[in-house]
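Contents: one structure, followed by commentary.
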Amino acid sequence: MKALWPRASTEVAFTWSGAFDTTRDGLPLIGAVPGYRNILAAFGYGGNGITFSFLAAELLGTLLSGGSSPLLDVLALDRDLPANDAPSDSQA
């Protein structure tokens, strides 16, 4: 970046990561990261990223402002997920 804009700062203030995947129940994982204070996450959107990213923003904003929502239990990172019922290669 310095070559294109010499006055630019190369100091990194924040970082983020994005990965594509989905959960077994098709719902995203949104909320506090268990075992870590002040760390929130939102991932597992699959093909519904636009809808779930808006929901994640709303729910994480609610958490940050001290509120709660029953959806946070439904979408919790440590919720029980259904067993993977996909047939194995030997069953296909």
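The values are calculated or read from the model by the stated rules, or taken from the named source; none is laboratory data. Just so we're clear, the structure is a prediction, and the values are computed from it rather than from any experiment. Cβ sites come from the backbone with ideal geometry, for glycine too, and all protein chains shown count toward neighbours. SASA here: full protein model, heavy atoms, side chains in, ligands and nucleic acids out. Shrake-Rupley method; radii C 1.70, N 1.55, O 1.52, S 1.80 Å.
Were the residues from Leu81 through Phe14 laid out at 0.36 nm apart, the gain over their Cα-Cα distance would be 21.0 nm.
Under the shape rule built on the C-alpha gyration tensor, where the axes satisfy a ≥ b ≥ c, the chain is oblate, since a/c reaches at least 1.5 while a/b does not exceed b/c. What a 1.4 Å probe finds exposed on the chain is 57% carbon and sulfur by accessible area, rounded to a whole percent. Protection proxy ranking, highest mean first, for peptides 67-78, 51-62: 51-62, 67-78, where packing is the per-residue count of other beta-carbon atoms within 10 Å, averaged.
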